[in-house]
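S.K.: What follows is a structure written as structure tokens; I'll ask about it next.
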Amino acid sequence: MQLSDRERQIAELVAAGHTNRLIAEQLFMSPKTVEAHLSRIFTKLGVKTRAAVAAAWSQGF
């Protein structure tokens, strides 16, 4: 499954080690919205952790 543009932005920031709060501030959204996007990212990538998102990002999912 393809990630949306916003999901890709969030995945990139997660891979860079940013917290949900920092991601929210940078993308002008609430931390809860970041959590919702992350939940969809986890589902789409078939992973369960932020570290797995970062690993998938580094491999160019």
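The values are calculated or read from the model by the stated rules, or taken from the named source; none is laboratory data. Predicted model, so just to flag it, every value in this text is computed and none were measured. A quick note on method: Cβ atoms are made from the backbone with ideal geometry, for glycine too, and the neighbour counts reach across all protein chains shown.
S.K.: Can you tell me which residue among 7, 35 is of a type in the set (D, E, K, R) and surrounded by 15 or more Cβ atoms within 10 Å (Cβ to Cβ)? Lay out the reasoning, then the answer.
M.R.: Numbers: 35 fails: surrounded by 15 or more Cβ atoms within 10 Å (Cβ to Cβ).
Unique residue meeting the criteria: 7.
S.K.: Still on this structure, please answer the following. Restricting to segment 3-41, what's the tally of residues that are part of a loop (DSSP other than H, G, I, E, B), among the hydrophobic types (A, V, I, L, M, F, W, C) and either in contact with a strand residue (DSSP E or B) (Cβ under 7 Å, 6 or more places away or on another chain) or under 20 Å from residue 58 (Cβ atoms) (or both)?
M.R.: Step one: list which residues in segment 3-41 are part of a loop (DSSP other than H, G, I, E, B), which gives 3-4, 16-19, 28-30.
After this cut, where a residue has to be among the hydrophobic types (A, V, I, L, M, F, W, C) as well, the list is 3, 16, 28-29.
Subsequent filtering for residues that are either in contact with a strand residue (DSSP E or B) (Cβ under 7 Å, 6 or more places away or on another chain) or under 20 Å from residue 58 (Cβ atoms) (or both) retains 3, 16.
Total meeting the criteria: 2.
So that you can scan it fast, the table gives a plain yes or no per residue for (1) modelled with pLDDT of 95 or more; (2) loosely packed, with under 13 Cβ neighbours inside 10 Å; (3) within 10 Å of the chain's Cα centre (by Cα):
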{"site": "26", "(1), (2), (3)": "yes, no, no"}
{"site": "39", "(1), (2), (3)": "yes, yes, yes"}
{"site": "48", "(1), (2), (3)": "yes, yes, no"}
{"site": "57", "(1), (2), (3)": "no, no, yes"}
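S.K.: Pick from segment 42-61 the residues that are assigned to a loop (DSSP other than H, G, I, E, B) and touching a helix residue (DSSP H, G or I) at 6+ places or on another chain (Cβ under 7 Å): which of them is nearest to residue 1 (Cα to Cα)?
M.R.: The initial filter retains those residues of segment 42-61 that are assigned to a loop (DSSP other than H, G, I, E, B), namely 46-49, 59-61.
So of that shortlist, the ones also touching a helix residue (DSSP H, G or I) at 6+ places or on another chain (Cβ under 7 Å) come out as 47-48, 61.
Numbers: 47: 13, 48: 16, 61: 10 Å.
Step by step, filter segment 42-61, then rank; the result is 61.
S.K.: Quick one: count up the residues across segment 6-43 that are among the hydrophobic types (A, V, I, L, M, F, W, C) and touching a Leu at 6+ places or on another chain (Cβ under 9 Å).
M.R.: Qualifying residue count for the region: 9.
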